[in-house]
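The values are calculated or read from the model by the stated rules, or taken from the named source; none is laboratory data. Quick caveat, the model's predicted, so the values are computed rather than measured. All Cβ positions, glycine included, derive from the backbone under ideal geometry; neighbour counts span all protein chains shown.
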Amino acid sequence: MVSEEKLRQYKEDALRDEYDEERQAHCIHENAYVQEFRATVFKIVKNYETDERTSKKFDLEAEHYCPDCGKTKWVNFDLEEEMYYRLADRWISVTGESKEILEG
């Protein structure tokens, strides 16, 4: 059985999540930018002659972030096909602005 305090906490969390979703849905993400990049390596190969380790498969991702509403979205990209450049105080993707990424 769940305690009254735990039930109250669940309700508060649900209301907070609902408020955040509503705020993010109405935000125009005008100040959105690429906040962070990450790479995930799936396979590492070791060359026993040189003792070097190299990755054979990896994913690159960029996190688009809106400071106005807190919405984030991780998007995969390929260095050979997609690049980012800095414009004023934000990063712009050659495949689309962060604002468009978060709205889609």
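Please enumerate the residues belonging to the stretch 11-41 that are in a helix (DSSP H, G or I) and either among the basic types (Lys, Arg) or surrounded by fewer than 11 Cβ atoms within 10 Å (Cβ to Cβ) (or both).
The first filter runs over the stretch 11-41 and keeps only residues in a helix (DSSP H, G or I), leaving 11-26.
The answer is Lys11, Glu12, Asp13, Ala14, Leu15, Arg16, Asp17, Glu18, Tyr19, Arg23, Ala25, His26.
Restricting to the stretch 35-86, name every residue that is at pLDDT 80 or above, over 25 Å from Glu22 (Cα atoms) and touching a Lys or Arg at 6+ places or on another chain (Cβ under 8 Å).
Val41, Glu52, Leu60, Glu61 - these are the residues of the stretch 35-86 that are at pLDDT 80 or above, over 25 Å from Glu22 (Cα atoms) and touching a Lys or Arg at 6+ places or on another chain (Cβ under 8 Å).
Taking the stretch 6-34 only, how many residues are among the basic types (Lys, Arg) and closer than 19 Å to Thr72 by Cα?
Here is the first cut: in the stretch 6-34, the ones among the basic types (Lys, Arg) are 6, 8, 11, 16, 23.
After this cut, where a residue has to be closer than 19 Å to Thr72 by Cα as well, the list is 16, 23.
Within the stretch 6-34, residues that are among the basic types (Lys, Arg) and closer than 19 Å to Thr72 by Cα number 2.
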